[in-house]
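The values are calculated or read from the model by the stated rules, or taken from the named source; none is laboratory data. All values derive from a computational prediction rather than experimental measurement. FYI the Cβ positions are ideal-geometry reconstructions off the backbone, even for glycines, and counts take in every protein chain you see.
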Amino acid sequence: MPRPKKTRFVSAYPTVAAFVPQGMPVTGEISMSVEELEAIRLTDFENLDQETAAALMEVSRHTFGRILGSARALVAEALVTGKALKIGGGVYELRGMRRRRRQRGRP
């Protein structure tokens, strides 16, 4: 039995839950977890280095790098293939709300 994933901390639940290509037929759907979106937000939008971003999510730098790499691959696939990108699920907790825990598959 695999070890359960450690909870990752995110600043807020995303206000936008999906991106869909406009002007072309949607060829499928790709799911991105909330913690993957948070990794992209911290590094690419907030311009934080991976060490600082990993500390905010309370994971190791190596784990953060894997989450970020996975998220960037999903975004690239959605852009290149014209698939819709759906954001939701994952193993995360809102920062500052230690008792309210969200689990995989729940919004």
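Evaluate the following for residue 45: is it modelled with pLDDT of 90 or more and exposed (fewer than 12 other Cβ atoms within 10 Å of the Cβ)? In short, yes. Taking the residues in region 1-10 that are surrounded by 14 or more Cβ atoms within 10 Å (Cβ to Cβ) and not charged (D, E, K, R) as candidates, determine which candidate is farthest from residue 87 (Cα to Cα). Looking at residues that are surrounded by 14 or more Cβ atoms within 10 Å (Cβ to Cβ) and not charged (D, E, K, R), I get 7. Of 34, 20, 59, 26, all but one fail to be in contact with a Pro (Cβ under 8 Å, 6 or more places away or on another chain) and either surrounded by 14 or more Cβ atoms within 10 Å (Cβ to Cβ) or at pLDDT below 95 (or both); the exception is 34. In summary, helices (runs of 4 or more DSSP H) completely within region 1-106 and bearing 3 or more residues that are in contact with a strand residue (DSSP E or B) (Cβ under 7 Å, 6 or more places away or on another chain) occur at 34-40, 61-81. Looking across region 64-85 at every residue that is surrounded by 16 or more Cβ atoms within 10 Å (Cβ to Cβ) and of a type outside the set (A, V, I, L, M, F, W, C), the one that is farthest from residue 29 (Cα to Cα) is identified as 65.
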